[in-house]
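The values are calculated or read from the model by the stated rules, or taken from the named source; none is laboratory data. Nothing here was measured: the structure is a model prediction, and the numbers come from that model. No Cβ is skipped: glycine too gets one built from the backbone with ideal geometry, and neighbour counts run over all protein chains shown. With ligands, DNA and RNA removed, areas are computed over all heavy atoms of the protein, side chains included. Shrake-Rupley method; radii C 1.70, N 1.55, O 1.52, S 1.80 Å.
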Amino acid sequence: MRIDPDLDSYAEEGVLKAREIKSGISWMGSIDWERRMFDELIPLPDGTSYNAYLVRGSEKTALIDTADPAKSAALMAQLDEVDHLDYLIIQHVEQDHSGSAPLILEKYPNVQVISSPKAKPMIADHLGIPEDRIRAVEDGETLSLGNWTFEFIHAPWVHWPETMLTYLREEKVLFTCDLFGSHLATDKLFSGDGSHVCESAKRYYAEIMMPFSSLIKGHLTKLEPFDIDVIAPSHGPVHDEPSWILEAYHHWVHDEPKNLVVIPYTSMHGSTALMVDHLIEALSDRGVHVHSFHMSKTDLGEYAIQLVDASTVVFATPTVLVGPHPSIVLAAYLTAALRPKLKYAAVIGSYGWAGKAAEKTMDLCGTLKAEWMEPIFTKGLPSQETYKELDKLADEIAARHKGLQSGE
Ligand code: FEO
């Protein structure tokens with residue numbers, strides 16, 4: 001479904017009017033059906049949304065988060081009906097959520113900005129909002145709206161160091177900004193049982209949250225005492241049945257990796273591709289599940305999703321100027337940066353006359369805490385000896401994967 005960016009069309013279609021998620025609590029913001037890249041790095045095959053939430057208490061009114069600056073017009077049109085705003089809560093300074101804040105301050109000159117202490121100088125740096133407009137709130141601090149009370153929960157690194165969550169006690173609504181979000185453009189306000197959102201949420205976890213999984217474990221524990229009816233993230237649908245997303249996060253951060261090998265590869269003249277084909281068959285024959293990704297063509301998000309569950313990565317690269325192919329340089333760098341639960345790693349590939357592609361690939365994965373297996377490289381086309389070495393690698397991987405949960 002494509003929505004004309006013209007504001008009159010928004011109003012006519014009614015899709016982007018504020019929508020109530022509970023009495024007195026409304027979704028606002030924008031659904032970005034056409035965005036296909038985030039941070040010029042992360043593919044968005046299903047678009048995204050920038051959710052803000054208007055909370056009207058008996059005495060005070062607050063807006064939680066805003067919208068990406070490219071979509072400010074939609075949010076400001078929704079706010080036409082809101083005469084007065086007491087608080088603007090900035091849970092996270094990244095511009096896709098805070099970028100419309102300067103317009104909010106312009107429209108409501110007396111609004112007070114609420115943020116974590118770490119966010120306060122960042123808001124000044126990134127948005128040009130003077131610090132004297134901002135009230136910093138401590139972890140556990142509360143803010144009254146009259147009949148309702150916000151409790152602020154500091155949750156650093158989901159996904160910047162300054163992030164916090166906001167819990168509306170009486171209504172049991174937890175506002176989480178990036179955490180528990182999904183890059184998904186849909187006209188469905190709620191995720192329900194999660195069936196139409198789970199894949200997008202897992203992709204989002206893999207791309208955005210996985211590097212911080214050890215901290216997320218702590219955040220999930222911290223949230224356990226809270227009675228939560230609704231989770232309202234700032235990307236994707238609202239979780240009106242939040243148990244599925246809480247359980248999914250629990251699995252993603254806590255579960256042991258599975259019987260799954262991922263093979264990021266590329267091939268220039270076919271030698272490395274022959275090795276990859278042989279290794280896939282050898283692993284499959286030994287009961288090991290495999291996903292291979294041609295890194296010059298693949299959607300990096302699909303690769304990241306498989307890294308959530310994989311036990312082993314095998315980089316497969318031809319040699320270019322004595323090192324790995326640039327697409328494998330990217331794969332190695334990203335794999336290390338995403339900090340998956342991988343336990344084992346290897347490099348295979350080919351060269352024309354000489355090279356150090358294996359050593360250089362391993363160097364690029366410097367922070368990856370995995371046991372490296374012996375590299376296998378062939379000069380030119382793989383020989384029978386090369387195939388025997390790949391069979392031995394498959395034996396070693398299968399032995400290490402014994403007893404792991406299925407990776408299918
Ligand atoms: Fe959706 Fe970290 O911004």
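What angle, in degrees between 0 and 90 and rounded to the nearest 10, separates the Cα long axis of helix 213-223 from the longest principal axis of the Cα atoms of the chain?
Once rounded, one gets 40 degrees.
With charges set only on the Cβ (+1 for Lys and Arg, -1 for Asp and Glu), what does the dipole of the chain come to about its Cα centre, in debye to the nearest 20?
Taking the Cα centre of the chain as origin, the dipole is about 1220 debye.
Using the alpha-carbon atoms, what tilt in degrees (0 to 90, nearest 10) does helix 243-254 show relative to the longest principal axis of the chain?
For helix 243-254, the angle is close to 40 degrees.
Name the residue farthest towards the positive end of the dipole of the chain from the options 76, 366, 334, assuming +1 on Cβ of Lys and Arg, -1 on Cβ of Asp and Glu, about the Cα centre.
366
With a 1.4 Å probe and every protein chain kept in, tell me what percent of the accessible surface of the chain is carbon plus sulfur. Intermediate values should be presented prior to the final figure.
On the way: 8340 of 17020 Å².
The computed percentage sits at 49.
What is the Cα centroid distance between the range 129-208 and the range 57-77, reported in whole angstrom?
With the range 129-208 and the range 57-77 each reduced to a Cα centre, they are spaced 14 Å.
What distance in nm separates the simple spin-label points at residue 172 and residue 131, each placed 7 Å from Cα in the Cβ direction?
Once both label points are built, they end up 4.1 nm from each other.
Which of the peptides 175-185, 189-199 is most tightly packed, and how do the rest follow, judged by the mean count of other Cβ atoms within 10 Å per residue? Show your work: numbers first, answer last.
Values: 175-185: 25.9, 189-199: 16.4.
In decreasing order of mean packing, 175-185, 189-199 become 175-185, 189-199.
Assuming 0.36 nm per residue, please report the length gained on full extension of the stretch residue 195 to residue 251 beyond their Cα-Cα distance. Mind dumping the intermediate values first?
On the way: separation 56, 0.36 × 56 = 20.16 nm, distance 1.64 nm.
Stretched out fully, the residue 195 to residue 251 stretch lengthens by 18.5 nm.
Return the FRET efficiency for the residue pair residue 23, residue 392: r is the Cβ-Cβ distance, R0 is 60 Å, and the value is rounded to the nearest 0.05. Intermediate values should be presented prior to the final figure.
Details: r = 65 Å, r/R0 = 1.09.
My answer for the efficiency is 0.40.
Let me have the relative contact order for the chain, percent, based on Cα pairs under 8 Å that are six or more residues apart. Display every interim value, and only then the final one.
Working: 867 pairs, mean separation 46.3, N = 408.
Value for the chain: 11 percent.
Take the alpha-carbon centre of the range 336-397, take the same for the range 84-99, and report the distance between them in whole Å.
46
Between 354, 248, 18, which gets the highest mean-square fluctuation from a Gaussian network model of the chain, Cα cutoff 10 Å?
Comparing 354, 248, 18 in a Gaussian network model of the chain, the most mobile one is 354.
Between 274, 249, 262, whose Cα lies farthest towards the positive end of the dipole of the range 245-290 when Lys and Arg beta carbons carry +1 and Asp and Glu beta carbons carry -1, centred on the Cα centre?
Of the options given, the answer is 274.
Holding the Cα-Cα limit at 23 Å, pick out from 217/343; 202/343; 60/172; 202/297; 222/369 the pairs that are longer than that. Intermediate results must be reported in sequence, preceding the final value.
Numbers: 217/343 19 Å; 202/343 20 Å; 60/172 18 Å; 202/297 21 Å; 222/369 27 Å.
The answer is 222/369.
Once phi is turned into ³J(HN,Hα) by the Karplus curve 6.51 cos²θ - 1.76 cosθ + 1.60 with θ = phi - 60°, what whole-Hz value does each residue of the range 132-139 show in order, with x for glycine and proline?
Once rounded to whole Hz, the list reads 6, 8, 10, 10, 8, 10, 7, 4.
Using a probe radius of 1.4 Å on heavy atoms only, what accessible surface per residue do you get for the range 37-153? Whole Å² is fine.
Ligands and nucleic acids excluded, the figure is 39 Å² per residue.
From the residues 66, 378, 99, which one has its Cα farthest along the dipole of the chain in the positive direction, the dipole being from +1 and -1 charges on Cβ of Lys/Arg and Asp/Glu about the Cα centre?
378
Hey, can you rank 25-35, 208-218 by average C-beta count inside 10 Å, highest first?
Values: 25-35: 21.3, 208-218: 18.0.
Order by mean packing, descending: 25-35, 208-218.
Can you order the peptides 398-408, 265-275, 57-67 by their average number of other Cβ atoms within 10 Å per residue, highest first?
Working: 398-408: 14.0, 265-275: 20.3, 57-67: 22.2.
Highest mean packing first, the order is 57-67, 265-275, 398-408.
Quick check: net charge around residue 285, other residues with Cβ under 12 Å of its Cβ, Lys/Arg +1 and Asp/Glu -1?
Details: positive: 286; negative: 281, 391, 395.
Around residue 285, the charge tally is -2.
Quick one: angle between helix 326-338 and the longest Cα principal axis of the chain, in degrees between 0 and 90, rounded to 10, please.
50
Could you work out the local net charge near residue 236, counting Lys and Arg as +1, Asp and Glu as -1, over the other residues with Cβ closer than 10 Å to its Cβ?
Values: positive: 188; negative: 46.
Spelling it out: positives minus negatives among the neighbours equals 0.
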